[in-house]
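Below is one structure, written out as structure tokens; comments come after it.
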Amino acid sequence: VIENRIRNARQLDEGLRDLGQTIHVPQRPLGYREVYQIYIVSATKRDQLLDFLISKGIEAKIHYPIPLHLQAAASGLGYKRGDFPVCEQQATEIITIPAHQYVTSNQIDHIIKSVHEFYAV
């Protein structure tokens, strides 16, 4: 199960890496073994990309739209917008792409092709 997720994530990393300025694939430190419960990248035009992928039958999602320090549960800590600008920027850019163990290599190819198609316009 985990090996399938790792394989899918590697295929996505390889297929999306050349999109440089539009998709940011996180660094994968050597010697680390990630299990990819979810596969997240940063994307320009993230919301438009999400709509496009969904229109292509791809179950992409936004998992973390509200930074932790701005959530109701953290309101008592006294943080405000602007206190963690990197976190706030990431909340507008990250998108989750399917890479779970049931996604096939052909489906990963469809995801990669669709992302390339979106940014080619």
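Taking every protein chain into account, the accessible area of the stretch 1-103 amounts to 66 square angstrom per residue (probe 1.4 Å). Remark: the chain carries a charge dipole of roughly 140 debye about the Cα centre, counting +1 on each Lys and Arg Cβ and -1 on each Asp and Glu Cβ.
Within the straight-line cut-off of under 21 Å between alpha carbons, the lysines reachable from LYS56 are LYS45, LYS113, sequence neighbours fewer than 8 places apart in one chain being disregarded. The apolar share of the surface of the chain, taken as the fraction of accessible area on carbon and sulfur atoms (1.4 Å probe, ligands and nucleic acids excluded), comes to 55 percent.
Taking Cα atoms of the chain, Rg/Rh with Kirkwood Rh, to two decimals? Numbers along the way, then the final one.
Details: Rg = 15.5 Å, Rh = 15.4 Å.
Taking Rg over the Kirkwood Rh, I get 1.01.
The label point for GLN37 and the one for LYS113, both projected 7 Å from the Cα toward the Cβ, are 3.3 nm apart.
Compared with the dominant principal axis of the Cα atoms in the chain, helix 2-16 is inclined by about 90°. The mean sequence distance of close C-alpha pairs (under 8 Å, at least 6 residues apart), as a share of the length of the chain, puts its relative contact order at 38 percent.
Remark: accessible surface ordering of ARG33, ARG28, ARG46 (largest first) is ARG33, ARG28, ARG46, probe radius 1.4 Å. Applying the Karplus relation 6.51 cos²θ - 1.76 cosθ + 1.60 with θ = phi - 60° to the stretch 18-23 yields 3J(HN,Hα) values of 6, 8, x, 7, 9, 10 Hz, where x marks Gly and Pro. When nucleic acids and ligands are ignored and a 1.4 Å probe is applied, GLU88 ends up with an accessible area of around 30 Å². Between PHE84 and THR44, the FRET efficiency estimated from the beta carbon spacing at R0 = 22 angstrom works out to 0.60. Would the stretch 10-74 count as rounded, prolate or oblate if I go by the C-alpha gyration tensor, calling it rounded below 1.5 in a/c and otherwise prolate when a/b exceeds b/c, oblate otherwise? It comes out oblate by the Cα gyration axes. Projecting each Cα onto the charge dipole of the chain (Lys/Arg +1, Asp/Glu -1 at the beta carbon, about the Cα centre), which of SER55, VAL86, SER42 comes out farthest on the positive side? Working it through, the farthest residue towards the positive pole turns out to be VAL86.
Among ASP83, ASP51, ASP18, the largest mean-square fluctuation in a Gaussian network model of the chain (Cα springs under 10 Å) belongs to ASP83.
The values are calculated or read from the model by the stated rules, or taken from the named source; none is laboratory data. Every value quoted in this text rests on a predicted model; they were computed, and no experiment measured them. Positions of Cβ are backbone-derived with ideal geometry, glycine not excepted, and every protein chain shown enters the neighbour counts. Surface areas here come from the heavy atoms of the whole protein model, side chains and all, with no ligands, DNA or RNA. Shrake-Rupley method; radii C 1.70, N 1.55, O 1.52, S 1.80 Å.
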